[in-house]
Amino acid sequence: MVNVRLVYFLKRGDFLSPSQSGFRKYRSTTDALVRLEAAACEASARHQHLVCVFFDLEKAYDTTWQYGILQQLHLYGLRGRLPRFLKEFLSGRSFSVRVGTTHSASVAQEEGVPQGSVLSVTLFAVAINAIASSLPDGIANSMYVDDLAVWFAASRMSVAERRMQLALDRVSRWTDSHGFRFSPSKTVAMHFCRIRGIHPDPDLFMYGHRIRCVEETHFLGLLLDKRLTWVPHLRTLKVSCLKALNLLRVLSHTSWGADRATLLCLYHVVIRSKLDYGCEVYSSATDARLRVLDPVHHAGVRLATGAFRSSQIPSLLVDANEPPLDLRRKSLMVRCWHRLHRLPDTLPCLAVSSDIMSQYYLLHSRAPWPFGFRVRKAMEEMGIDDFQICPVRVPRVAPWLLPEVFPCTCFTDKKEFLPPPVARSLFLEHAFTHRESLPVYTDGSKSDAGVGFGVVFPDFCRGGRLLSVMSIFTLPQPSFTIFSDSCSALQALCNFNSTHPLVLAILEWLVLLGRRDRKVTFCWVPAHVGVDGNERANALAKAVVSNSRPPARCHPVPAVDLRPYIDATVRSCWQDRWDAIRANKLRDIRQRLGLWSYSGLSRRWETALVRLRIGHTLLTHGFLMERAHPPYCDDCLVPLTVRHLIVECPSLGDLRRRYLSEYRKGDGSYSLFQVLGEEACCVAGNTLSYVEEAGLLHKL
């Protein structure tokens, strides 16, 4: 509670440095990494030397100056009981050291902030906030809590060295006056440069010690190299993920292993999350270098599904509904682009791309493109429109003053259990209790053509059309007594932690109306049960959607509403790739991308089913592992394939007629799509019983 009020005070006054991204809402480590990567790419395009210093703060939380925090908050204008509470929170603390079962004497803690407290990160951000303002003009920086990077780019090394040394002197003086100290041995410098020829590294000093200039260094989880090729990071990331694959190997035995859904979820959490982190930044590497991560992705999916080792990669990914890594990286890049653009213009994240620099990158094609240019190229390739993003602003009403919304309803049973006449009668009784207020009915309609809304008052009605990418939350919600059939929208109003800008705007309007003694009540009403106002609002919304007039493109879109649109566009690109593949066994069964229906089978049966669908089994493709000749059917003397075993081999005709007779065509043949497809009888056990009876189960 105290931290929420302190954070709101800091946000309202815009006291924290724009370069500080640590533990702040709508910020992440990606902000700091994108900013540094953009500066390095720009310096490379301009044929400049970029000198960056990565600082290491000694005992950051334990050496924080307590009085300095209170003094800084006083300068910000914080008065009242909150500063006194913070003073009592920081003072009067003690600590002891335990070695085994022996404890030392308790010693008073004169400086530092408590470890593990939710207030500690905010107070530490206040304590270190002024370090950015101590830097000279022209020196850029990125900060995530105590991880600080400072850089400067110049055409001559002597200029960059002199400016960076001035910045180091300023930082040293600031730390001496605020109780902090950077470690000279752990603080390193890196010279980002792609200029050919011999040029010396910078000589920089801090506290009288020379700062080492390294070829590689870690910053916020990524391994940076001086040429920004990302080869060391990709190599390290691959080794780390291959070690994590051992967990899947233990749990993915084809006979007694975990089920497919659990293993895929485990792969997402343990391995794919590592591949996703920082991909917005390290995707500036060449495609050939990025492809070293593809075997990790394929191995994880193969272990989770139980597919055979020789399975084709497109079939493997389609069966598991896992998009290729390159498409997933593009999807995450576009999401990050929209997240950055919802921040105010004063934030440094919006400076990731510049129209002025476009000529430099066009002339120097070998220079790495920064995040802003890469994401624009990805959006053009996938056909994603560049929408105007609804900005995030500081709420005018403090979070603790927002009202509690309790939608009322008279319906205790689900809609499908209520006949329309009964539901309509219950609603009329409930509406009679609100007869003294003005009834307002709202509804929204979403289709491929767009999104429309309808608002019905007793005397007039109004409708409008919005962009097709917007969600149901984007539809306007008027005041007074509001009857809506959108249960999800009403539930969102009950969530204080909602980040949707329109939900927050509605809550603010409720506060302003409450100050004018206006009462607003939200009521849920079931749709399509004959309620007059709801039916009129629904008809109005659908009529607006069918209108051929396009909506205004200047209407800002919340970033969260664009996520389904991005996912659908990426899936469409993936579908185009899948449609372009012709000679593929799985395409005979699966033409459209999607998840398989849950079968509830054991691990052995799941493994057998996925191998039959993909068309690669130990019986038919085991020769590839032994470098032998392909097998042939002993009875038919034709190459042994899954199609031949399931629907063609005459020697298995009796078993086929016993278990698969309902999928027999008029000409006596069988369709592999029906036998192994989505609606196959394998769920009921017929196909798998056929496989087991034929003695093929342990040969797959």
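Every number here is computed from the coordinates shown, using simple stated rules; none is lab data. These numbers come from a predicted model, not from an experiment. Note that we place each Cβ from the backbone using ideal geometry, even for glycine, and neighbour counts take in every protein chain shown.
What is the fewest-to-most order of T254, T122 by other Cβ atoms lying within 10 Å of their Cβ?
T254, T122
Which percent, nearest 5, of DSSP beta bridges in the chain are antiparallel?
Bridges in the chain are about 75 percent antiparallel.
Applying the Karplus parametrisation 6.51 cos²θ - 1.76 cosθ + 1.60 with θ = phi - 60° to the phi angles of the stretch 565-578, what ³J(HN,Hα) value in whole Hz is obtained for each residue in order, glycine and proline being reported as x?
Those phi angles translate into 5, 5, 4, 5, 5, 5, 5, 5, 5, 5, 5, 5, 5, 5 Hz.
For n ≥ 4 DSSP H runs only, could you compute -39500 (n - 2.57) per run for the chain, divide by its residues and tell me the 222 nm figure to the nearest 500?
-12500 deg cm²/dmol
How would the stretch 22-81 be classified by its alpha-carbon gyration tensor: rounded, prolate or oblate, with rounded meaning a/c under 1.5 and the a/b versus b/c comparison settling the rest?
prolate
Work from the charge dipole of the chain (Cβ charges, +1 for Lys and Arg, -1 for Asp and Glu, about the Cα centre) and give the residue of S572, L401, H621 farthest towards its positive end.
L401
How far apart, in nanometres, would the label points at I313 and E626 be if each is projected 7 angstrom from Cα along the Cα-to-Cβ direction?
2.8 nm
So, by mean Cβ neighbours within 10 angstrom, what's the order for 229-241, 314-326 with the highest one leading?
Answer by packing, highest mean first, reads 314-326, 229-241.
Only Lys, Arg, Asp and Glu count, each charged at its Cβ (+1, +1, -1, -1), so figure out the dipole size of the chain about its Cα centre, rounded to 20 debye.
840 debye
Is the shape of the stretch 77-158 best called rounded, prolate or oblate, per the rule: a/c under 1.5 gives rounded, else a/b larger than b/c gives prolate, else oblate, with a ≥ b ≥ c the square roots of the Cα gyration tensor eigenvalues?
oblate
What net charge is computed for the residues neighbouring L264, neighbours being all others with C-beta under 12 Å from the C-beta of L264, Lys and Arg scored +1, Asp and Glu -1?
-1
With θ taken as phi - 60° and the coefficients 6.51, -1.76 and 1.60, list the Karplus ³J(HN,Hα) couplings across the stretch 153-165 in order, rounded to whole Hz; mark glycine and proline as x.
Working through the residues one at a time gives 10, 8, 6, 10, 5, 4, 5, 5, 5, 5, 5, 5, 5 Hz.
Can you give me the relative contact order of the chain as a percent, contacts being Cα pairs under 8 Å and 6 or more apart?
12 percent
For semi-axes √(5λ) of the Cα gyration tensor in Å, which listed value, (i) 66, 32, 22; (ii) 50, 42, 26; (iii) 48, 37, 22, comes from the coordinates shown?
Computed from the coordinates, semi-axes √(5λ) of the Cα gyration tensor in Å corresponds to (ii).
Relative contact order of the stretch 270-351, please, whole-number percent, based on alpha carbon pairs below 8 angstrom and at least 6 residues apart.
Dividing the mean separation by the residue count of the stretch 270-351 yields 30 percent.
Could you tell me the relative contact order of the stretch 1-131? Use alpha-carbon pairs under 8 Å, at least six residues apart, and round to a whole percent.
Normalised by residue count, the contact order of the stretch 1-131 is 31 percent.
Could you run the Karplus curve 6.51 cos²θ - 1.76 cosθ + 1.60 with θ = phi - 60° over the stretch 232-237 and give me ³J(HN,Hα) per residue in whole Hz, x for Gly and Pro?
So the Karplus estimates, Gly and Pro as x, are x, 5, 5, 5, 5, 5 Hz.
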